[in-house]
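Heads up: the structure comes next, in structure tokens.
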Amino acid sequence: MAVKNRFNNIDSKEWLPFQKSWFVPTNTEQLYRSNIRFFTQANEENPEPSIFYAGSEADLFSAVAADEGRKTTFEPTSNLSFAVIDLRDKFQSLESYLSGLDGILATCQQLFETLQHRKFLCIHIANVYQPGFYPIAWHLAKSLQHLFSLKDEKIGCVQKGDELAGDEIFYSLYFRKDEKSEGIMRPAETELLRGGNTGFFESTIGHWQVVRPPRRKKNEILHPAKYPEALVEQFIKAFTAEGANVFDPMSGTGSTQVAALSCGRNGFGTELSPFFHEIAMERCQEMAFGTTLQFDIKLHNAKEVAQLDFPAIDYLITSPPYWDMLNMKGAEYQARRKEKGLQLNYSDDTNDLGNIADYQRFVDELIAVYKACDKILKPGAFVTIVVKNIKKKGSNYPFAWDLSQKLIAMGWELLPEFFWCQDDINLAPYGYGNTWVSNTFHQYCLNFRKRTGA
Ligand SMILES: C[S@@+](CC[C@H](N)C(=O)[O-])C[C@H]1O[C@@H](n2cnc3c(N)ncnc32)[C@H](O)[C@@H]1O
């Protein structure tokens with residue numbers, strides 16, 4: 001008999017797939033039902049749990065809840081087991097979001113008072129693209145992260161046609177009322193996340209894609225966090241013309257330069273680790289053989305790129321260390337890599353950003369790298385940064401959003417995000433029996449543009 005999860009009384013066939021951090025929703029009924037079943041359970045203590053709902057599908061929600069033996073309330077009454085706010089069709093523009101924001105925050109404040117301890121609030125929300133890109137989902141999450149505890153996010157990938165790629169997304173944001181919640185509402189400043197014009201972007205890239213990289217070659221497996229060339233090639237083709245100069249300040253195994261060369265572009269960059277630098281150079285030599293294309297990866301600290309005599313750059317694509325998470329990986333994972341003779345981290349170098357334990361310092365040092373890169377970028381150059389939001393020791397660090405905020409402040413224009421969705425990794429039963437922790441299988445590809453006047 002299938003084992004039931006004490007957290008929600010559902011079996012692994014149902015709760016394990018729910019833990020994948022991105023999903024292709026079939027319809028709204030299924031979206032509501034899966035959340036109700038994951039986050040509430042009827043038991044002797046609470047035979048008919050109460051769920052708060054706000055959104056435009058009240059009849060549908062209460063019918064699904066009733067079908068599952070749960071009661072729906074449209075007021076933040078006491079003793080709530082779960083709360084769902086569906087804002088997906090509420091805001092079409094930044095203006096409408098800003099005029100509705102105070103009402104939503106007030107409701108959330110009331111929910112904080114009435115939700116039971118360790119119970120969840122889920123908000124479904126899509127970003128807006130009118131009159132320019134504005135990530136209202138990130139803004140709302142940042143505004144509520146000190147009231148509740150920001151626990152997790154899932155990305156709803158809306159599929160158009162048969163291909164595993166689509167041009168619409170929404171966020172399911174998960175907050176919990178718990179011992180880490182500060183109970184303080186601190187609305188984020190609206191200016192800090194204001195994005196730019198999206199016209200060009202929308203017509204070229206879309207918003208999400210499942211990328212299934214081919215099996216990695218022997219020297220590529222040695223790197224703990226490589227991204228697929230197929231993903232990079234797609235961006236390079238959308239953002240540059242043949243012969244353009246592509247750059248990556250943190251080259252790792254040289255995936256960026258290999259992808260650039262394979263698309264008829266030149267590939268430049270820096271890499272701090274001598275070990276990966278050598279692998280990257282070998283891969284580039286092989287790829288450029290017999291062509292007139294140029295490549296150059298310098299063994300150097302990325303913070304100094306402006307002093308290194310690179311040509312002016314048309315496009316930058318990169319992926320930074322995942323904070324110091326490689327140093328944090330479970331002992332078992334590290335033991336397995338060690339046994340296979342694989343690298344456990346990038347290096348022990350103190351300039352390696354993957355060795356900085358303090359989150360703010362890590363983000364600031366990374367900004368210093370991008371500031372240096374800005375000096376070699378041509379005006380109007382596009383930038384793509386591949387990152388994940390980070391969960392560490394039970395807390396959520398919205399790295400992608402924090403980084404974007406600082407880069408906007410630095411002067412880059414924020415363009416719509418794109419998700420690289422992974423489905424070639426096995427799901428792990430994180431939080432089993434106790435709470436909700438997703439397997440983060442979506443990577444943000446954050447997009448920016450250096451202003452033409454800059
Ligand atoms: C996520 S990996 C990049 C992987 C690469 N995109 C690939 O596909 O192989 C980050 C890289 O940044 C490098 N790195 C960390 N700090 C650096 C610094 N200060 N300057 C240059 N490279 C650095 C690490 O050695 C690591 O290879």
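Given (1) aromatic (Phe, Trp, Tyr); (2) within 16 Å of the ligand (Cβ to nearest atom); (3) modelled with pLDDT of 95 or more, where does Tyr227 come up short, assuming only one miss?
Result: Tyr227 passes all but (3).
Can you name the condition, by its number, that Pro213 falls short on among (1) surrounded by 20 or more Cβ atoms within 10 Å (Cβ to Cβ); (2) in contact with a Pro (Cβ under 7 Å, 6 or more places away or on another chain)?
Only one criterion in (1) surrounded by 20 or more Cβ atoms within 10 Å (Cβ to Cβ); (2) in contact with a Pro (Cβ under 7 Å, 6 or more places away or on another chain) is unmet by Pro213, namely (1).
Conditions tested, residue by residue: (1) part of a loop (DSSP other than H, G, I, E, B); (2) out of contact with any strand residue (DSSP E or B) (no Cβ under 8 Å at 6 or more places or on another chain); (3) under 22 Å from Thr114 (Cα atoms).
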site	(1), (2), (3)
Ala2	yes, no, no
Asn9	yes, yes, no
Lys13	no, yes, no
Pro25	yes, no, no
Tyr32	no, no, yes
Asn35	no, no, yes
Asn43	yes, yes, yes
Ile51	no, no, yes
Leu60	no, yes, no
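At pLDDT below 95 and in the same structural domain as Cys421 (by TED's automatic domain parsing), is that true of Ala238?
Spelling it out, Ala238 is indeed at pLDDT below 95 and in the same structural domain as Cys421 (by TED's automatic domain parsing).
With Pro320, Pro311 as the choices, which residue is assigned to a loop (DSSP other than H, G, I, E, B), surrounded by fewer than 23 Cβ atoms within 10 Å (Cβ to Cβ) and under 23 Å from the mean Cα position of the chain (by Cα)?
Sole residue among the options that is assigned to a loop (DSSP other than H, G, I, E, B), surrounded by fewer than 23 Cβ atoms within 10 Å (Cβ to Cβ) and under 23 Å from the mean Cα position of the chain (by Cα): Pro320.
Which ones in segment 109-149 are surrounded by fewer than 24 Cβ atoms within 10 Å (Cβ to Cβ), part of a strand (DSSP E or B) and modelled with pLDDT under 95?
Answer for segment 109-149, where residues must be surrounded by fewer than 24 Cβ atoms within 10 Å (Cβ to Cβ), part of a strand (DSSP E or B) and modelled with pLDDT under 95: just Val128.
Going through segment 376-413 one residue at a time, which ones are among the hydroxyl-bearing types (Ser, Thr, Tyr) and more than 30 Å from Phe148 (Cβ to Cβ)? Spell out how you get there, then give the answer.
So in segment 376-413, the residues among the hydroxyl-bearing types (Ser, Thr, Tyr) come out as 384, 395, 397, 404.
Within segment 376-413, just Thr384 meets the criteria.
Quick check on segment 312-343: of everything there that is at pLDDT below 70, more than 16 Å from the ligand (Cβ to nearest atom) and among the aliphatic types (A, V, I, L, M), which residue is farthest from Arg361 (Cα to Cα)?
The selected residue is Ala335.
Which of the following residues is free of Cβ contacts under 8 Å to residues at least 60 places away in the same chain, within 25 Å of Trp420 (Cα to Cα) and either of a type in the set (A, V, I, L, M) or in the same structural domain as Asn245 (by TED's automatic domain parsing) (or both): Ala280, Ala288, Ala302?
The match here is Ala280.
When you scan segment 252-267, how many residues do you find that are at positive phi and near the ligand (Cβ under 10 Å from one of its atoms)?
Here the count works out to 2.
A quick yes/no check of all residues on (1) within 14 Å of the ligand (Cβ to nearest atom); (2) assigned to a helix (DSSP H, G or I); (3) within 22 Å of the chain's Cα centre (by Cα); (4) more than 18 Å from Leu414 (Cα to Cα):
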{"position": "Asn345", "(1), (2), (3), (4)": "yes, no, yes, yes"}
{"position": "Thr350", "(1), (2), (3), (4)": "yes, no, no, yes"}
{"position": "Gly354", "(1), (2), (3), (4)": "yes, yes, yes, yes"}
{"position": "Phe362", "(1), (2), (3), (4)": "yes, yes, yes, yes"}
{"position": "Glu365", "(1), (2), (3), (4)": "yes, yes, yes, yes"}
{"position": "Tyr370", "(1), (2), (3), (4)": "yes, yes, yes, no"}
{"position": "Ala381", "(1), (2), (3), (4)": "no, no, no, no"}
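With respect to Ala126, is the statement that it is in contact with a strand residue (DSSP E or B) (Cβ under 9 Å, 6 or more places away or on another chain), small (Gly, Ala, Ser) and not assigned by TED's automatic domain parsing to the domain that holds Gly394 true?
Values: in contact with a strand residue (DSSP E or B) (Cβ under 9 Å, 6 or more places away or on another chain): yes; small (Gly, Ala, Ser): yes; not assigned by TED's automatic domain parsing to the domain that holds Gly394: yes.
Spelling it out, Ala126 is indeed in contact with a strand residue (DSSP E or B) (Cβ under 9 Å, 6 or more places away or on another chain), small (Gly, Ala, Ser) and not assigned by TED's automatic domain parsing to the domain that holds Gly394.
The values are calculated or read from the model by the stated rules, or taken from the named source; none is laboratory data. These numbers come from a predicted model, not from an experiment. Every residue, glycine as well, gets a Cβ built from its backbone with ideal geometry; the counts of neighbours run over all protein chains shown.
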